[in-house]
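Visitor: Structure incoming, see below.
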Amino acid sequence: MSSLVTHRPHGIEHPYAVSPDQRVPVLPLVGATTMLGVQCAPEVVSVVCEWRGRSTDQAEAARLDLAPVVASAADAAALAGGEGHLAEAQAASIGGEGAWAVGSPALEDVGGYCYRFVASTADGRSEATSWFEVAPARWVAALPDGFDGSVTMSDAVSGAGSRLVEGSVEWLVSADGIHRARFALALREGDHVVGFGERFDHLDQAGRRLDAVVFEQYKSQGVHGRTYLPMPFAHVVGADGSSWGFHVRTSRRTWFDCGVSASDRLVVEVALGGTARESVDVGVFDGSPTDVLRGFLDEVGRAEELPAWVFKLWASGNEWNTQALVTQRMDSHRELDIPVGVIVIEAWSDEEGIMLFRDATYAPRPDGSPFALSDFTFPADGAWPDPKAMVDDLHARGIKVILWQIPLLKTALSEDGLHEQVLAEGEAMVREGHAVREADGTAYLNRGWWFPKSLMPDLSTQRTRDWWTAKRDYLVRDLGVDGFKTDGGEHAWGHDLAYGDGRRGDEGNNLYPVHYARAFGDLLRKHGKAPITFSRSGFSGSQPHGVFWAGDEDSTWEAFRHSVTAGLTAASCGIVYWGWDLAGFSGPVPDAELYLRAAGASAFMPVMQYHSEFNHHQKPLRDRTPWHVAEQTGDDRVVPVFREFAWLRERLVDYLASSAATTVATDRPLMRPLFFDHPTAAEVWEHPQQWMLGADLLVSPVTAPGVTTWPVWLPEGEWVDVWTGSPVGGGRVVERDVPIEVVPVWCRAEAWPSLAAVFQNEIFDRVDA
């Protein structure tokens, strides 16, 4: 490899940004040109691209002179996450120093081209890269001789094939193979399209474009239209109440044009393997939205019933990084009479291999074999002087303990001064074949901005899942922890990565977070515990694996609204146990109004939890504990109102657990968008952030500041205002007064006798006195 000039045709393979050393586009079209980029050492003064036809014996290649370029501002922005301790790391990861580029000649419909780069220095040195190949592609309706492709609409009721628009199938073909398929599904005027996994921007994607690729968008997911948890599945709900759905049965990237190019069609584009024989299989499901969801879950799996404690309040903060701080925070909960059922401890480990407590002393194990708790000594003046006593104490208080994880292992390339043990672990991972690999067989090093150049275990195989989780076995067996926050999972970038299950990166990367949550769920089951994983990323097939949250977000009203949408879209795709960092986890502490409105909404979501971002312990702290928010905002309503929401949540646990069991048995979502129950009602789409929580509670959270009343659409039937006990007739929009203590919630009248006691509370009685 040249030390002066580097070119990677696919670049770092960030799905939304271009790196300066790549070809753009990677797969150019016939008649177009492609931009050829390189990165050079500082001493390079000139770069030439030698260009020739691949199928000719051209004696002399054409010479193209490259020029220095500045990395695109748009590409840098694609990585920037706004305010926060990770934003600079994102923006810097795009690179750009020493970038040179040149445009190719117009690409003809030939068998392809070869090119290489030659860099020269002022002192007369010259180095050349190896030769690279590119074959331009074109979209065709009929495949050329020697190629075979099919789009099949299968597992559907009679007539499902009619969903495919006749004559719409096209193939992106080069001399090397078939790279993509494109086809259209018929839409009717007024159709609504909901799904595609967890989506932050809109409930109804009709009239919009989107794709499905697992990606870590650090904050502002709703602005950028990106998601940690995509799925190539959607419902189509007609204005007349008819509904159907589809699932593109692939783990490769897909793109969707939901009536943008033509209002009568939903255009689907699917990445393929690039061989001469490719196929696309689409499952089509007919019936009610619940029927459609059931058909999808029959294919990818459904949630299992989890213990009722998951419905209690979850608490965490990235800066709770000592045993003393954890105990202090839980003491404050007790002293202020704010019930808490789960603590997530993020900053417990050395953050090198995410398996050893920070400050623990031990005899290193050069072979990378697992530890037991008895192998460690915990200094009395260290961060975690007695983890076992801490866990036992939390359990005695009725608090479950979740520990943070990411599926990465730091290396000497990623950071200086690493512990001897983490280096031994890395050597063992590579030596024993447990690492995700590059196409050339070398170990893959994370290309992303978070924990860059870290090794990644190949969790596609049972062998490595067992090897990786065995290192954490003592945390469950000896310490008694109750679950794992399976953070991350979006770090696999590369179409040609090699997985142990035989998949290449283009079809294995999206499945990585599914394997990851499964691995830790199995670890917990092994010790007789419920499989409580807490993930932000996933794909089709994630449904059976634990609990999910919406990922990283700012403390803004916009992010609040986007997170509500994320919960409803995730539920539409079969995610049952879902929550978010109430009022956001990043940036300055939210004001009291945002915090309490968000807490009230979260009390009526499947998971209620608060969390805060690491801020280097700078003052003022950014904890999202209610007492800290009260202190920072000076608003004395925060603690008492939050307390009442937390106690209300306690009283809702039995209802939530029973409702979740019903969801698992029937596939009717727990946090259910109203189109499931009222597909013919236009008001559903005019009030997209209302939902049914279980069978009996209708929730319409206040998601805007400074309001005193809030409009709510009540479906036909008899309802009861849960805060006053007053009956209200449905089939209309009602305007409800919304003091800060009130979340607009109504109960079905027939269920009110069994739920009235949940809402009997003095502070709320006073609200409407």
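Residues checked against (1) closer than 24 Å to S251 by Cα; (2) not small (G, A, S):
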residue	(1), (2)
K529	no, yes
T533	yes, yes
H545	yes, yes
G551	yes, no
F560	no, yes
L568	yes, yes
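Visitor: When you go through P606, P588 one by one, which is the residue that is over 20 Å from R329 (Cβ atoms) and either more than 16 Å from the chain's Cα centre (by Cα) or assigned to a loop (DSSP other than H, G, I, E, B) (or both)? Can you show your working first?
Guide: Details: P588 fails: over 20 Å from R329 (Cβ atoms).
One residue alone meets the criteria, P606.
Visitor: Right, another one. Go through segment 358-391 and count every residue that is among the basic types (K, R) and either under 16 Å from K471 (Cβ atoms) or under 31 Å from the mean Cα position of the chain (by Cα) (or both).
Guide: Start the filter on segment 358-391 by keeping residues that are among the basic types (K, R), which leaves 358, 365, 388.
After this cut, where a residue has to be either under 16 Å from K471 (Cβ atoms) or under 31 Å from the mean Cα position of the chain (by Cα) (or both) as well, the list is 358, 365.
The number of residues fulfilling the criteria is 2.
Visitor: In addition: Residue check, G167 against (1) at positive phi; (2) at pLDDT below 95, all met but one. Which one?
Guide: Failed condition: (2).
Visitor: Also, I was wondering about something else. Is it the case that some residue within segment 461-471 is in contact with a His (Cβ under 6 Å, 6 or more places away or on another chain) and either closer than 18 Å to I406 by Cα or modelled with pLDDT under 95 (or both)? Outline the logic, then answer.
Guide: Within segment 461-471, the first condition is being in contact with a His (Cβ under 6 Å, 6 or more places away or on another chain), and the residues that meet it are 464, 467.
Checking which are either closer than 18 Å to I406 by Cα or modelled with pLDDT under 95 (or both) leaves us with 464, 467.
Yes; the residues of segment 461-471 include at least one that is in contact with a His (Cβ under 6 Å, 6 or more places away or on another chain) and either closer than 18 Å to I406 by Cα or modelled with pLDDT under 95 (or both).
Visitor: Which residues, taken from segment 637-669, are in contact with a Gly (Cβ under 9 Å, 6 or more places away or on another chain) and among the hydroxyl-bearing types (S, T, Y)?
Guide: Selection gives Y655, S658, S659, T662, T663.
Visitor: Considering segment 623-639 alone, what residues qualify as being in contact (Cβ under 8 Å) with a residue 40 or more places away in the chain and either of a type outside the set (D, E) or not in a loop (DSSP other than H, G, I, E, B) (or both)? Don't jump to the end; show me each part of the working.
Guide: Residues of segment 623-639 that are in contact (Cβ under 8 Å) with a residue 40 or more places away in the chain, as a first pass: 623-627, 629, 632-633, 635, 637-639.
If the condition is that a residue be in contact (Cβ under 8 Å) with a residue 40 or more places away in the chain and either of a type outside the set (D, E) or not in a loop (DSSP other than H, G, I, E, B) (or both), then R624, T625, P626, W627, V629, Q632, T633, R637, V638, V639 are the ones that fit.
Visitor: Yes or no: segment 353-366 includes at least one residue that is crowded, with 17+ Cβ neighbours inside 10 Å, among the hydroxyl-bearing types (S, T, Y), part of a strand (DSSP E or B) and at pLDDT 95 or above.
Guide: no
Visitor: Sticking with this one: Would you check which residues across segment 722-736 are of a type in the set (D, E) and either touching a helix residue (DSSP H, G or I) at 6+ places or on another chain (Cβ under 9 Å) or crowded, with 16+ Cβ neighbours inside 10 Å (or both) and list them?
Guide: First, the residues of segment 722-736 that are of a type in the set (D, E): 735.
None; the set is empty.
Visitor: Now a separate question. Based on what the data block shows, is S659 among the polar types (S, T, N, Q) and under 26 Å from A756 (Cα atoms)?
Guide: Criteria met by S659.
Visitor: Sticking with this one: Show me the helices (runs of 4 or more DSSP H) found entirely inside segment 452-538 where at least 3 residues are closer than 21 Å to V310 by Cβ. Quick ask: steps written out before the conclusion?
Guide: Details: elements: 462-470, 473-477, 505-508, 512-526.
Correct list: 512-526.
Visitor: Working only within segment 653-686, note down all residues that are surrounded by 20 or more Cβ atoms within 10 Å (Cβ to Cβ), more than 26 Å from the chain's Cα centre (by Cα) and in a loop (DSSP other than H, G, I, E, B).
Guide: None - no residue of segment 653-686 is surrounded by 20 or more Cβ atoms within 10 Å (Cβ to Cβ), more than 26 Å from the chain's Cα centre (by Cα) and in a loop (DSSP other than H, G, I, E, B), so the list stays empty.
Visitor: Which of the residues belonging to segment 688-713 are in contact with a helix residue (DSSP H, G or I) (Cβ under 9 Å, 6 or more places away or on another chain) and free of Cβ contacts under 8 Å to residues at least 40 places away in the same chain?
Guide: Matches in segment 688-713: Q690, M692, G694, W713.
Visitor: For Q690, work out the one condition from (1) surrounded by 21 or more Cβ atoms within 10 Å (Cβ to Cβ); (2) more than 29 Å from the chain's Cα centre (by Cα); (3) not acidic (D, E) it doesn't fulfil.
Guide: Exception for Q690: condition (2).
Visitor: Can you find a residue that is more than 30 Å from W450 (Cα to Cα) and modelled with pLDDT under 95 anywhere in segment 136-144?
Guide: No, the conditions are met nowhere in segment 136-144.
Visitor: Shifting gears a bit: On the basis of being under 24 Å from P679 (Cβ atoms), surrounded by fewer than 23 Cβ atoms within 10 Å (Cβ to Cβ), of a type in the set (G, A, S) and modelled with pLDDT under 95, does G241 make the cut?
Guide: On the way: under 24 Å from P679 (Cβ atoms): yes; surrounded by fewer than 23 Cβ atoms within 10 Å (Cβ to Cβ): yes; of a type in the set (G, A, S): yes; modelled with pLDDT under 95: yes.
So G241 passes the test.
Visitor: How many residues are among the acidic types (D, E) and under 15 Å from M355 (Cα atoms) if we restrict to segment 372-388? Explain how you work it out, then say what you get.
Guide: As a first pass, look at segment 372-388 and keep what is among the acidic types (D, E): 375, 381, 386.
If we keep only those that are under 15 Å from M355 (Cα atoms) too, we end up with 375.
The total comes to 1.
Visitor: In this structure, does E650 turn out to be part of a helix (DSSP H, G or I), in contact (Cβ under 8 Å) with a residue 60 or more places away in the chain and within 22 Å of V344 (Cβ to Cβ)?
Guide: Numbers: part of a helix (DSSP H, G or I): yes; in contact (Cβ under 8 Å) with a residue 60 or more places away in the chain: yes; within 22 Å of V344 (Cβ to Cβ): yes.
It is true that E650 is part of a helix (DSSP H, G or I), in contact (Cβ under 8 Å) with a residue 60 or more places away in the chain and within 22 Å of V344 (Cβ to Cβ).
Visitor: Still on this structure, I have one more. Under 30 Å from V5 (Cβ atoms) and under 36 Å from the mean Cα position of the chain (by Cα), is that true of G124? Outline the logic, then answer.
Guide: On the way: under 30 Å from V5 (Cβ atoms): yes; under 36 Å from the mean Cα position of the chain (by Cα): no.
No; evaluated as a whole, the condition is false for this residue.
Visitor: Going through R597, R624 one at a time, which residue ends up being of a type outside the set (A, V, I, L, M), at pLDDT 95 or above, more than 17 Å from D337 (Cα to Cα) and buried (at least 21 other Cβ atoms within 10 Å of the Cβ)? Steps first, answer last, please.
Guide: On the way: R624 fails: more than 17 Å from D337 (Cα to Cα).
That would be R597, the only listed residue that is of a type outside the set (A, V, I, L, M), at pLDDT 95 or above, more than 17 Å from D337 (Cα to Cα) and buried (at least 21 other Cβ atoms within 10 Å of the Cβ).
Visitor: Under the condition of being touching a Phe, Trp or Tyr at 6+ places or on another chain (Cβ under 6 Å) and not small (G, A, S), which residue from segment 608-651 is nearest to M671 (Cα to Cα)? Walk me through it before giving the result.
Guide: Taking segment 608-651 as the starting set, the residues that turn out to be touching a Phe, Trp or Tyr at 6+ places or on another chain (Cβ under 6 Å) are 609, 611-613, 624, 626, 629, 639.
Within this subset, residues satisfying the condition of being not small (G, A, S) are 609, 611, 613, 624, 626, 629, 639.
Working: Q609: 16, H611: 21, E613: 26, R624: 24, P626: 25, V629: 28, V639: 27 Å.
Per the criteria, the residue is Q609.
Visitor: Could you list all residues from segment 218-238 that are crowded, with 24+ Cβ neighbours inside 10 Å, over 25 Å from E299 (Cβ atoms) and among the polar types (S, T, N, Q)? So that I can check it myself, show each step before the final result.
Guide: Here is the first cut: in segment 218-238, the ones crowded, with 24+ Cβ neighbours inside 10 Å are 219, 221, 227-237.
Filter again for over 25 Å from E299 (Cβ atoms), leaving 219, 221.
Listed by number, the list holds a single entry, Q221.
Visitor: Same structure again: Please verify whether segment 208-215 includes one or more residues that are buried (at least 23 other Cβ atoms within 10 Å of the Cβ), on the phi > 0 side of the Ramachandran plot, touching a residue at least 40 places away in the same chain (Cβ under 8 Å) and not in a loop (DSSP other than H, G, I, E, B).
Guide: There is no residue in segment 208-215 that is buried (at least 23 other Cβ atoms within 10 Å of the Cβ), on the phi > 0 side of the Ramachandran plot, touching a residue at least 40 places away in the same chain (Cβ under 8 Å) and not in a loop (DSSP other than H, G, I, E, B).
Visitor: Right, here's the next one. Please state which of the following conditions D281 fails to meet, knowing it meets all the rest: (1) closer than 29 Å to N509 by Cβ; (2) buried (at least 16 other Cβ atoms within 10 Å of the Cβ); (3) at pLDDT 95 or above.
Guide: In the conditions (1) closer than 29 Å to N509 by Cβ; (2) buried (at least 16 other Cβ atoms within 10 Å of the Cβ); (3) at pLDDT 95 or above, D281 misses (2) alone.
Visitor: Mind checking which residues of segment 189-207 are closer than 22 Å to L582 by Cβ and outside any strand (DSSP E or B)? Write out each step before concluding.
Guide: Residues of segment 189-207 that are closer than 22 Å to L582 by Cβ, as a first pass: 197-203.
Once the filter is applied, which keeps residues that are closer than 22 Å to L582 by Cβ and outside any strand (DSSP E or B), segment 189-207 yields E198, R199, F200, D201, H202, L203.
Visitor: Taking the condition in contact (Cβ under 8 Å) with a residue 60 or more places away in the chain and within 27 Å of P590 (Cα to Cα), does V738 pass? If you could, list the steps in order and put the result at the bottom.
Guide: Numbers: in contact (Cβ under 8 Å) with a residue 60 or more places away in the chain: no; within 27 Å of P590 (Cα to Cα): yes.
No: the conditions fail for V738.
Visitor: Inside segment 1-47, can you point out the residues that are within 14 Å of T129 (Cα to Cα) and touching an Asp or Glu at 6+ places or on another chain (Cβ under 6 Å)?
Guide: S2, L4, T6, H7, R8, G37, V38, Q39
Visitor: Report yes if W580 is of a type in the set (F, W, Y) and over 21 Å from E319 (Cα atoms), otherwise no.
Guide: Working: of a type in the set (F, W, Y): yes; over 21 Å from E319 (Cα atoms): no.
Answer is no for this residue.
Visitor: Given the residues D635, D677, which is the only one that is in the same structural domain as V702 (by TED's automatic domain parsing), out of contact with any strand residue (DSSP E or B) (no Cβ under 6 Å at 6 or more places or on another chain) and of a type in the set (D, E, K, R)? Lay out the reasoning, then the answer.
Guide: Details: D635 fails: in the same structural domain as V702 (by TED's automatic domain parsing).
After ruling out the rest, the residue left standing is D677.
The values are calculated or read from the model by the stated rules, or taken from the named source; none is laboratory data. Keep in mind it's a predicted model, so treat the numbers as computed, not measured. In this analysis, Cβ positions are derived from the backbone assuming ideal geometry, glycine residues included, and neighbour counts consider all displayed protein chains.
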